[in-house]
Amino acid sequence: MSVLYDASKCTACQACSVACKQWNTLPAEKTTFTSSYQTHDQLTPKTWTFISFDEVYENNKMQWLFRKEQCMHCGEAACLQACNHDAISHNELGFVVIDHNKCIGCGFCVTNCTFHVPRVDPITHKSYKCTGCPDRVGNGLAPACVQTCQPEALVYGKREDIMALAEARFKALQPLYPKANLYSAPNLQGINFTYILLREPKFYGLPDEPHVPVSVHAWKQVLRPFGEIAIAGALLTTAISFIKTRKKDDEKSTGKSRDQGVGKNG
Ligand code: SF4
Ligand code: SF4
Ligand code: SF4
(Lines give C-alpha, C1' and ligand atoms only; values in the text may rest on other atoms or scores of the structure.)
(Ligands and ions follow the chains in the order given, each with its own letter.)
Protein backbone atom coordinates (compact mmCIF):
# COMPACT_ATOMS: atom_id res chain seq x y z
CA MET A 1 0.00 0.00 0.00
CA SER A 2 1.13 3.56 -0.65
CA VAL A 3 0.47 7.23 0.03
CA LEU A 4 0.65 10.10 -2.46
CA TYR A 5 1.56 13.57 -1.22
CA ASP A 6 0.70 16.17 -3.87
CA ALA A 7 2.35 19.52 -3.08
CA SER A 8 0.19 21.26 -5.70
CA LYS A 9 -2.91 20.56 -3.58
CA CYS A 10 -1.40 21.06 -0.11
CA THR A 11 -2.51 24.24 1.69
CA ALA A 12 0.01 23.70 4.53
CA CYS A 13 -2.81 23.70 7.08
CA GLN A 14 -0.82 21.13 9.15
CA ALA A 15 -3.94 19.14 10.05
CA CYS A 16 -1.98 16.01 9.05
CA SER A 17 0.64 16.76 11.68
CA VAL A 18 -2.03 17.25 14.36
CA ALA A 19 -3.89 14.07 13.32
CA CYS A 20 -0.65 12.08 13.54
CA LYS A 21 -0.02 13.31 17.07
CA GLN A 22 -3.62 12.68 18.10
CA TRP A 23 -3.89 9.16 16.67
CA ASN A 24 -0.48 8.09 17.96
CA THR A 25 -0.91 9.85 21.35
CA LEU A 26 2.24 11.90 20.84
CA PRO A 27 2.52 14.90 23.19
CA ALA A 28 2.77 18.50 21.96
CA GLU A 29 6.25 20.04 22.00
CA LYS A 30 7.32 23.62 22.58
CA THR A 31 8.38 25.21 19.28
CA THR A 32 9.46 28.61 17.98
CA PHE A 33 8.99 30.23 14.58
CA THR A 34 12.22 29.69 12.66
CA SER A 35 11.16 31.37 9.42
CA SER A 36 7.99 32.35 7.65
CA TYR A 37 5.21 30.14 9.07
CA GLN A 38 7.59 27.35 10.10
CA THR A 39 6.96 26.21 13.66
CA HIS A 40 8.10 22.58 13.84
CA ASP A 41 11.24 22.51 11.73
CA GLN A 42 12.45 18.99 12.38
CA LEU A 43 11.28 15.49 13.19
CA THR A 44 11.66 14.39 16.81
CA PRO A 45 10.90 11.18 18.74
CA LYS A 46 7.47 12.75 19.42
CA THR A 47 6.85 14.54 16.09
CA TRP A 48 6.67 12.04 13.25
CA THR A 49 5.49 14.41 10.52
CA PHE A 50 5.38 18.14 9.84
CA ILE A 51 5.08 20.53 6.89
CA SER A 52 8.24 22.30 5.79
CA PHE A 53 7.83 25.80 4.34
CA ASP A 54 10.51 26.93 1.90
CA GLU A 55 10.51 30.33 0.26
CA VAL A 56 12.22 30.39 -3.13
CA TYR A 57 12.97 33.73 -4.79
CA GLU A 58 13.47 33.89 -8.55
CA ASN A 59 13.10 36.91 -10.88
CA ASN A 60 11.88 39.02 -7.95
CA LYS A 61 9.08 36.57 -7.31
CA MET A 62 8.59 34.41 -4.24
CA GLN A 63 7.34 30.86 -4.54
CA TRP A 64 6.24 29.00 -1.44
CA LEU A 65 7.16 25.34 -1.45
CA PHE A 66 5.47 23.01 1.02
CA ARG A 67 6.45 19.44 1.77
CA LYS A 68 5.07 16.93 4.24
CA GLU A 69 8.07 15.33 5.93
CA GLN A 70 7.91 11.83 7.45
CA CYS A 71 9.49 8.41 6.90
CA MET A 72 9.34 7.59 3.18
CA HIS A 73 8.91 3.85 3.83
CA CYS A 74 11.60 2.94 1.30
CA GLY A 75 11.42 -0.30 -0.69
CA GLU A 76 15.15 -0.74 -0.06
CA ALA A 77 15.50 0.79 3.40
CA ALA A 78 18.94 1.90 4.60
CA CYS A 79 17.72 2.03 8.23
CA LEU A 80 16.67 -1.62 8.06
CA GLN A 81 20.00 -2.68 6.56
CA ALA A 82 22.04 -0.66 9.06
CA CYS A 83 20.27 -2.03 12.14
CA ASN A 84 22.49 -4.62 13.78
CA HIS A 85 19.70 -5.92 16.02
CA ASP A 86 17.13 -6.79 13.33
CA ALA A 87 14.74 -4.33 14.99
CA ILE A 88 13.53 -2.83 11.68
CA SER A 89 11.42 -4.64 9.09
CA HIS A 90 8.80 -4.18 6.38
CA ASN A 91 5.34 -5.14 7.64
CA GLU A 92 2.89 -7.07 5.47
CA LEU A 93 1.58 -3.83 3.92
CA GLY A 94 5.07 -2.66 2.93
CA PHE A 95 5.57 -0.02 5.65
CA VAL A 96 8.87 0.09 7.54
CA VAL A 97 8.39 -0.45 11.28
CA ILE A 98 10.66 -0.51 14.35
CA ASP A 99 10.28 -3.27 16.96
CA HIS A 100 10.92 -1.47 20.25
CA ASN A 101 11.48 -4.78 22.05
CA LYS A 102 14.60 -5.25 19.89
CA CYS A 103 15.75 -1.61 19.40
CA ILE A 104 18.63 -0.64 21.72
CA GLY A 105 18.78 3.02 20.60
CA CYS A 106 22.25 2.73 19.01
CA GLY A 107 21.25 5.33 16.38
CA PHE A 108 22.62 3.46 13.34
CA CYS A 109 19.23 3.94 11.63
CA VAL A 110 19.43 7.70 12.31
CA THR A 111 22.88 8.19 10.79
CA ASN A 112 22.30 5.90 7.81
CA CYS A 113 18.72 6.80 6.79
CA THR A 114 18.66 8.16 3.23
CA PHE A 115 16.33 10.96 4.36
CA HIS A 116 17.58 11.48 7.96
CA VAL A 117 14.25 10.52 9.51
CA PRO A 118 14.38 8.37 12.69
CA ARG A 119 15.15 9.97 16.06
CA VAL A 120 16.35 8.26 19.25
CA ASP A 121 14.58 9.31 22.45
CA PRO A 122 17.26 10.12 25.07
CA ILE A 123 14.96 8.89 27.86
CA THR A 124 13.61 5.60 26.46
CA HIS A 125 16.74 4.90 24.32
CA LYS A 126 14.51 3.73 21.46
CA SER A 127 14.29 5.00 17.89
CA TYR A 128 11.00 6.52 16.64
CA LYS A 129 9.49 7.56 13.30
CA CYS A 130 6.24 7.39 11.29
CA THR A 131 4.84 3.86 11.44
CA GLY A 132 2.37 4.13 8.55
CA CYS A 133 -0.42 3.73 11.15
CA PRO A 134 -0.54 -0.12 11.14
CA ASP A 135 -3.42 -0.13 13.64
CA ARG A 136 -5.51 1.80 11.09
CA VAL A 137 -4.38 0.40 7.74
CA GLY A 138 -4.47 -3.15 9.15
CA ASN A 139 -8.20 -2.56 9.73
CA GLY A 140 -8.93 -1.17 6.28
CA LEU A 141 -8.65 2.53 7.27
CA ALA A 142 -6.43 5.20 5.74
CA PRO A 143 -3.51 6.51 7.86
CA ALA A 144 -4.62 9.29 10.23
CA CYS A 145 -2.76 12.02 8.30
CA VAL A 146 -4.41 10.98 5.01
CA GLN A 147 -7.87 10.71 6.57
CA THR A 148 -7.75 14.29 7.81
CA CYS A 149 -6.46 15.97 4.64
CA GLN A 150 -9.35 17.97 3.13
CA PRO A 151 -7.92 19.08 -0.26
CA GLU A 152 -6.86 15.48 -1.07
CA ALA A 153 -3.21 16.41 -1.10
CA LEU A 154 -2.79 13.04 0.63
CA VAL A 155 -4.28 9.92 -0.94
CA TYR A 156 -3.90 6.33 0.26
CA GLY A 157 -4.37 3.18 -1.80
CA LYS A 158 -2.83 0.22 -3.59
CA ARG A 159 0.63 1.00 -4.89
CA GLU A 160 -0.29 0.57 -8.57
CA ASP A 161 -3.37 2.82 -8.19
CA ILE A 162 -1.36 5.47 -6.35
CA MET A 163 1.35 5.46 -9.04
CA ALA A 164 -1.27 5.75 -11.81
CA LEU A 165 -2.92 8.67 -9.99
CA ALA A 166 0.47 10.31 -9.37
CA GLU A 167 1.42 10.08 -13.04
CA ALA A 168 -1.95 11.46 -14.20
CA ARG A 169 -1.81 14.39 -11.75
CA PHE A 170 1.85 15.07 -12.63
CA LYS A 171 1.05 15.16 -16.36
CA ALA A 172 -1.87 17.55 -15.81
CA LEU A 173 0.34 19.82 -13.69
CA GLN A 174 3.19 20.22 -16.17
CA PRO A 175 1.75 23.02 -18.37
CA LEU A 176 1.41 25.19 -15.24
CA TYR A 177 4.52 23.95 -13.41
CA PRO A 178 7.09 22.86 -16.04
CA LYS A 179 9.71 22.23 -13.32
CA ALA A 180 7.43 19.93 -11.30
CA ASN A 181 8.90 16.61 -10.20
CA LEU A 182 7.41 13.16 -9.60
CA TYR A 183 9.58 11.89 -6.74
CA SER A 184 9.36 8.11 -6.53
CA ALA A 185 12.98 6.97 -5.89
CA PRO A 186 13.37 4.00 -8.26
CA ASN A 187 16.92 3.48 -6.86
CA LEU A 188 15.29 2.47 -3.56
CA GLN A 189 12.85 0.09 -5.27
CA GLY A 190 10.30 2.84 -4.79
CA ILE A 191 9.07 4.66 -1.70
CA ASN A 192 5.68 4.21 -0.10
CA PHE A 193 5.25 7.99 0.26
CA THR A 194 5.45 9.22 -3.34
CA TYR A 195 5.65 12.99 -3.83
CA ILE A 196 4.46 15.36 -6.52
CA LEU A 197 6.71 18.41 -6.07
CA LEU A 198 6.39 21.81 -7.72
CA ARG A 199 10.14 22.14 -8.25
CA GLU A 200 13.27 19.99 -8.46
CA PRO A 201 14.04 17.89 -5.33
CA LYS A 202 16.98 20.10 -4.24
CA PHE A 203 14.56 22.98 -3.54
CA TYR A 204 12.97 20.78 -0.87
CA GLY A 205 16.27 19.56 0.59
CA LEU A 206 15.80 16.14 -1.02
CA PRO A 207 18.55 14.14 -2.77
CA ASP A 208 18.14 14.02 -6.59
CA GLU A 209 18.84 10.31 -6.72
CA PRO A 210 18.24 8.84 -3.27
CA HIS A 211 20.06 5.57 -2.60
CA VAL A 212 21.28 3.34 0.21
CA PRO A 213 24.78 4.53 1.24
CA VAL A 214 27.64 2.35 -0.07
CA SER A 215 28.90 1.93 3.51
CA VAL A 216 25.55 0.35 4.50
CA HIS A 217 25.69 -2.09 1.57
CA ALA A 218 29.28 -3.01 2.53
CA TRP A 219 28.24 -3.48 6.16
CA LYS A 220 25.19 -5.61 5.37
CA GLN A 221 26.61 -7.75 2.58
CA VAL A 222 30.29 -8.15 3.49
CA LEU A 223 31.38 -6.98 6.94
CA ARG A 224 28.41 -8.21 8.97
CA PRO A 225 28.35 -11.78 7.54
CA PHE A 226 32.17 -11.84 7.81
CA GLY A 227 31.92 -10.60 11.40
CA GLU A 228 29.38 -13.31 12.20
CA ILE A 229 31.68 -15.97 10.70
CA ALA A 230 34.62 -14.51 12.67
CA ILE A 231 32.61 -14.58 15.92
CA ALA A 232 31.44 -18.13 15.21
CA GLY A 233 35.08 -19.09 14.46
CA ALA A 234 36.29 -17.48 17.69
CA LEU A 235 33.59 -19.28 19.70
CA LEU A 236 34.47 -22.60 18.05
CA THR A 237 38.20 -22.09 18.77
CA THR A 238 37.41 -21.24 22.40
CA ALA A 239 35.18 -24.31 22.70
CA ILE A 240 37.84 -26.63 21.20
CA SER A 241 40.52 -25.13 23.44
CA PHE A 242 38.24 -25.57 26.48
CA ILE A 243 37.54 -29.23 25.60
CA LYS A 244 41.27 -29.91 25.08
CA THR A 245 42.25 -28.28 28.40
CA ARG A 246 39.45 -30.12 30.19
CA LYS A 247 40.60 -33.42 28.66
CA LYS A 248 44.20 -32.81 29.77
CA ASP A 249 43.04 -31.93 33.30
CA ASP A 250 40.89 -35.07 33.41
CA GLU A 251 43.81 -37.20 32.24
CA LYS A 252 46.11 -35.61 34.82
CA SER A 253 43.66 -36.09 37.69
CA THR A 254 42.83 -39.68 36.59
CA GLY A 255 46.55 -40.52 36.39
CA LYS A 256 47.20 -38.89 39.76
CA SER A 257 44.40 -40.76 41.54
CA ARG A 258 45.46 -44.00 39.87
CA ASP A 259 49.02 -43.38 41.14
CA GLN A 260 47.64 -42.58 44.57
CA GLY A 261 45.51 -45.73 44.44
CA VAL A 262 48.54 -47.88 43.47
CA GLY A 263 50.59 -46.49 46.37
CA LYS A 264 47.84 -47.24 48.86
CA ASN A 265 47.31 -50.79 47.79
CA GLY A 266 51.03 -51.50 47.43
S1 SF4 B 1 -3.57 18.06 5.92
FE2 SF4 B 1 -3.26 17.99 3.69
S3 SF4 B 1 -3.41 20.13 3.04
FE4 SF4 B 1 -3.11 20.17 5.25
S5 SF4 B 1 -0.88 20.33 5.48
FE6 SF4 B 1 -1.36 18.15 5.54
S7 SF4 B 1 -1.09 17.46 3.45
FE8 SF4 B 1 -1.24 19.69 3.37
S1 SF4 C 1 13.08 7.11 5.09
FE2 SF4 C 1 14.75 6.45 6.42
S3 SF4 C 1 13.71 5.59 8.21
FE4 SF4 C 1 12.20 5.65 6.57
S5 SF4 C 1 12.35 3.63 5.56
FE6 SF4 C 1 13.69 5.05 4.41
S7 SF4 C 1 15.71 4.71 5.36
FE8 SF4 C 1 14.18 3.90 6.81
S1 SF4 D 1 1.11 7.48 8.41
FE2 SF4 D 1 0.43 7.60 10.57
S3 SF4 D 1 2.34 7.68 11.75
FE4 SF4 D 1 2.86 8.21 9.61
S5 SF4 D 1 2.74 10.45 9.47
FE6 SF4 D 1 0.72 9.65 8.87
S7 SF4 D 1 -0.46 9.64 10.79
FE8 SF4 D 1 1.69 9.81 11.37
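The figures follow:
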item: Global geometry of the stretch 1-150, whether rounded, prolate or oblate, following the gyration tensor of its Cα atoms and the 1.5 cut on a/c; result: prolate
item: Segment residue 52-residue 22, length gained on full extension (0.36 nm per residue, minus Cα span); result: 8.8 nm
item: Packing-based ranking, highest mean first, of 46-56, 190-200 given that Cβ atoms within 10 Å are counted; result: 190-200, 46-56
item: 1.4 Å probe accessible area per residue over the stretch 25-133, in Å²; result: 50 Å²
item: For peptides 127-134, 89-96, sequence by mean Cβ density within 10 Å, most packed first; result: 127-134, 89-96
item: Of 102/129; 21/202; 9/129; 9/171; 102/158; 68/129, pairs whose Cα-Cα distance is over 18 Å; result: 21/202; 9/129; 102/158
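The values are calculated or read from the model by the stated rules, or taken from the named source; none is laboratory data. Note that the structure is predicted; figures quoted are calculated from it, not measured. Don't worry about glycine lacking a Cβ; one is built from the backbone with ideal geometry, like all the others, and counts go over all protein chains shown. Areas reflect the complete protein model, heavy atoms only, side chains present, ligands, DNA and RNA absent. Shrake-Rupley method; radii C 1.70, N 1.55, O 1.52, S 1.80 Å.
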